[in-house]
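Notes for the one structure printed next.
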Amino acid sequence: MKNTQHLSRRSFLRQARNLSLGMGAVLAGPNIFLNETRAATGENPSELVRVGFIATGGRGVQNMGYFLKKKNVAAVCDVDATNLANGQKAVVKAQGKEVPAYRDYRKLLEDKSVDAVVISTPDHWHALQAIHACQAGKDVYCEKPLTLFIEEGKAMVKAVRQYKRVLQTGSQQRSDQRFRTAVEMVRSGKIGKLHTVKVGITTVNWDNKLDDVKDSDPPPELDYDMWLGPAPYRPYNRARVHYFFRFFWDYSGGQMTNWGAHHLDIAHWGMDVDHTGPVEITGQARYDEKKRFEVPVWSLIHYKYPNGVQVILEQGAKMGTTFIGDKGVIYVNRGVLKMGATEKEEDLDDIPPMKDADIKLVYISNDHYGNWLECIKTRKDPICSVEIGHRTATACHLGNIAARTGKKITWDPVKEVITDPSLAHWATKEYRPPWKLPV
Ligand SMILES: NC(=O)c1ccc[n+]([C@@H]2O[C@H](COP(=O)([O-])OP(=O)(O)OC[C@H]3O[C@@H](n4cnc5c(N)ncnc54)[C@H](O)[C@@H]3O)[C@@H](O)[C@H]2O)c1
């Protein structure tokens with residue numbers, strides 16, 4: 001902070017805005033992609049890709065909206081007949097006729113009229129369905145968080161590379177100008193030497209109406225066994241299934257993975273650690289006193305990265321990512337990009353996001369789905385490749401492991417193992433037979 005104390009806020013911002021000048025010299029490093037995946041032809045690449053939707057629940061239908069406009073939804077699938085019917089209804093409305101509708105995603109994967117799939121199931125299904133899609137020769141858009149546990153991510157990376165598939169992780173903040181500008185400014189030294197990143201994520205948004213919901217028979221429209229899939233068997237309970245699965249360890253990692261897959265992902269991008277990960281993680285957490293759900297209502301995680309930068313993630317703190325360097329601060333969240341001399345609210349001023357032409361320091365995508373479709377055509381890696389999604393999810397899982405065990409976790413980001421053998425089992429989970437993680 002020393003240097004900025006002598007700068008007025010106005011001159012500090014003026015300096016920041018001059019960022020676009022002379023950036024060419026800063027281009028360096030293994031993670032830099034120039035604008036090479038841009039379609040040069042101007043034709044709409046999506047017309048060539050027939051997309052199947054695995055899950056048409058909350059996010060599934062949202063994701064479908066983009067593809068419906070281009071009329072390239074080729075099939076839908078959901079284990080809940082009501083949600084499946086909703087998906088089909090949206091297809092008929094936008095595309096004028098029905099598409100094949102499946103209850104079992106393996107049938108959709110056998111469908112030769114489907115080139116690629118969008119997976120918007122709960123987290124405990126992501127890895128298995130993505131790997132099976134790769135094996136079936138389909139390209140994949142997989143919702144974040146990419147995984148439920150670390151070993152799944154390793155298997156996903158292997159499958160995507162083995163079957164030469166294009167996988168986009170659904171961390172769509174990577175395709176937003178504000179987040180990219182923040183990352184480019186940090187990486188180009190506009191806040192001096194980066195030493196700390198603060199990540200704020202939300203607390204649990206439980207619905208009190210679910211407090212007293214008892215176990216019951218599953219409703220007739222739901223194939224509950226296929227909803228559970230690889231997760232341990234337990235009787236159906238409405239409060240653990242649609243949307244609220246997020247707050248139970250068998251299906252999700254809570255807000256740590258739900259929102260960490262967005263804001264910790266941006267921290268990784270800014271720190272240029274997409275190819276590595278934290279080396280030391282400590283954490284603490286508080287849980288729901290009434291034990292209505294399992295994941296923390298508050299947590300505080302400290303990460304140390306190999307480049308010496310520390311990340312402090314707090315559940316319940318201001319949402320977004322704050323990069324703190326020895327010459328200034330950048331704060332970014334959805335719709336907000338600010339810069340200033342200190343992280344105090346009154347010291348931070350809005351700054352405009354940069355257009356593509358201004359600076360070319362990182363991979364540029366302004367359309368997360370479009371980038372995936374374009375890469376399906378070019379066979380290049382999308383902006384949020386399987387490795388990136390896996391490394392971000394890994395950091396989220398390590399945060400949860402530190403908080404849940406109360407122990408300091410040491411992580412070898414090269415071998416991708418928890419170095420203390422007595423804690424290593426936290427990187428994996430058993431699948432319920434007959435489901436098996438291909439490794
Ligand atoms: N990128 C984002 O901003 C964003 C936003 C919201 C949700 N998400 C992610 O999307 C995923 C789904 O979240 P949601 O809120 O839509 O949940 P949801 O419960 O509303 O929908 C999940 C759907 O998956 C279906 N499903 C479950 N198992 C299935 C199977 N084996 N085959 C086919 N369908 C199956 C369910 O019946 C349900 O319709 C989560 O991983 C979440 O993190 C991402």
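Derivation of every value follows stated rules applied to the coordinates shown; laboratory data play no part. Fair warning: this is a prediction, and the values are worked out from it, not measured in the lab. We place every Cβ from the backbone using ideal geometry, glycine too, and count neighbours over all the protein chains shown.
Since only 172, 95, 120 are under comparison, the one whose Cα sits farthest along the positive direction of the charge dipole of region 45-172, derived from C-beta charges on Lys, Arg, Asp and Glu, is 95. The angle between the Cα long axis of helix 368-378 and the longest principal axis of the Cα atoms of the chain comes to about 80 degrees, rounded to the nearest 10.
Whole-percent P(r), the chain, all Cα pairs, 20 Å bins from 0: 26, 57, 17, 0. Of the trypsin sites (Lys or Arg not before Pro) found in region 211-302, those that fall in a DSSP loop while having at most 14 other beta-carbon atoms within 10 Å are 214, 290, 291. For region 372-422, trypsin sites (Lys or Arg not before Pro) meeting the loop criterion (DSSP other than H, G, I, E, B) and having at most 11 other Cβ atoms within 10 Å: 379, 415. The Kirkwood hydrodynamic radius of region 326-392, based on inverse pair distances between different Cα atoms, is 14.5 Å. Where both bridge residues fall in the chain, DSSP classifies roughly 60% of the beta bridges as antiparallel. For the chain, take the longest principal axis of its alpha carbons; what is the angle in degrees between that and the long axis of helix 150-162, to the nearest 10 within 0 to 90? In the chain, helix 150-162 runs at an angle near 80 degrees to the longest axis. Look at where the Cα atoms of region 256-292 and of region 173-222 average out, and the two centres are 9 Å apart. Taking the C-alpha atoms only, the angle from helix 386-405 to the longest principal axis of the chain is near 90 degrees.
Across the options 141, 273, 317, the greatest Cα extent toward the positive end of the charge dipole of the chain (unit charges at beta carbon of Lys, Arg, Asp, Glu) belongs to 273.
Residues 156, 271, 226, ranked from the fewest to the most other C-beta atoms within 10 Å, line up as 226, 271, 156.
Once you reduce region 77-120 and region 299-327 to the center of their Cα atoms, the two points are 40 Å from each other.
Pairs of Lys residues in region 309-439 that lie 8 or more places apart, or on two chains, and have C-alpha atoms under 23 angstrom apart add up to 16. With a Cα cut-off of under 22 Å and a minimum spacing of 8 residues unless on different chains, the lysine pairs in region 94-223 number 15.
When a/c is below 1.5 the answer is rounded, else prolate if a/b is larger than b/c, else oblate, so apply that to region 45-172 with a ≥ b ≥ c taken from the square roots of the Cα gyration tensor eigenvalues. Don't jump to the answer; show the numbers that get you there.
Values: a/c = 1.78, a/b = 1.50, b/c = 1.19.
Taking the square roots of the gyration eigenvalues as a ≥ b ≥ c, region 45-172 is prolate.
The equivalent ellipsoid that matches the C-alpha gyration tensor of region 316-427 spans semi-axes of 31, 25, 12 angstrom, in descending order. Computed from point charges on the beta carbon alone (+1 for Lys and Arg, -1 for Asp and Glu), the dipole magnitude for region 91-167 about its Cα centre is near 200 Debye. The charge dipole of the chain, taken about its Cα centre with unit charges on the Cβ atoms of Lys, Arg (+1), Asp and Glu (-1) only, comes to about 720 debye.
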